[in-house]
Amino acid sequence: MAMTNSHEPDLLFRLLLTTRRWRQFLDQKILSSGLTDATWRPLIHLLLLGNGINQKILAESVGISGPSLVRLLDSLVTKGLVERHEDESDRRARKLYLTTAGEQLARQVHQAIQDLNRQVLGDMNASEEQAIIALLQKLENNMNRYDEKTL
């Protein structure tokens, strides 16, 4: 069976390899914080989205199911990094807040991510970086359209 586009396997392979290596670098940077890949992501999303969001929004942002997020949040609450408060407009919903310790740790992790980005992007200029971002966004949009068609 002949391939119509010889770049497809190479592109997928490169994306997977690059993502895996980037995550390994990131795990090494964040290792000293005592957080796992699963627990630092909700902290960063909460930092960037802001205090007072509900669990459903955080789950969508992180890209995990609600029950999986609840288990992670339980761990973060136990560690004193996140607090849950009842949503006055919906008693079933919970609003999430970073504690002072949680915000400090989230800012440290966010800084580690930014430092890694600078190191890994190295000698790329701004237009090269923007071109990669634009191509990845186009790829994501294509996947979203594909996903919508298959549902």
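The values are calculated or read from the model by the stated rules, or taken from the named source; none is laboratory data. Remember, it's a predicted structure, so these values are computed and weren't measured experimentally. We place every Cβ from the backbone using ideal geometry, glycine too, and count neighbours over all the protein chains shown. Remember, those area values only see protein heavy atoms, side chains included, never the ligands or the DNA or RNA. Shrake-Rupley method; radii C 1.70, N 1.55, O 1.52, S 1.80 Å.
I'd like to check something: does segment 95-109 contain any residue that is open to solvent by less than 50 Å² (accessible area, probe 1.4 Å), part of a strand (DSSP E or B) and in contact with a Lys or Arg (Cβ under 8 Å, 6 or more places away or on another chain)?
Yes, the conditions are met somewhere in segment 95-109.
Please work out if Thr18 is surrounded by 11 or more Cβ atoms within 10 Å (Cβ to Cβ) and within 16 Å of Ala112 (Cβ to Cβ).
no
Restrict the check to segment 97-119 and report whether at least one residue is basic (Lys, Arg) and touching a residue at least 12 places away in the same chain (Cβ under 8 Å).
Checked segment 97-119: at least one residue is basic (Lys, Arg) and touching a residue at least 12 places away in the same chain (Cβ under 8 Å).
When only residues in segment 76-94 that are assigned to a helix (DSSP H, G or I) and β-branched (Val, Ile, Thr) count, which is most open to solvent (accessible area, probe 1.4 Å)?
Thr78
Of all residues in segment 23-51 being at pLDDT 85 or above and β-branched (Val, Ile, Thr), which is nearest to Asp115 (Cα to Cα)?
Ile44
Here are some conditions: (1) closer than 21 Å to Leu136 by Cβ; (2) under 14 Å from the mean Cα position of the chain (by Cα); (3) touching a residue at least 24 places away in the same chain (Cβ under 8 Å). Phe25 meets all but one. Which one does it not meet?
Condition not satisfied by Phe25: (2).
Spot the failing condition for Gln119; the list is (1) within 25 Å of Leu11 (Cβ to Cβ); (2) modelled with pLDDT of 90 or more, and only one is missed.
Result: Gln119 passes all but (2).
Scan segment 25-52 for residues that are surrounded by fewer than 17 Cβ atoms within 10 Å (Cβ to Cβ) and of a type outside the set (D, E, K, R) and report the count.
13
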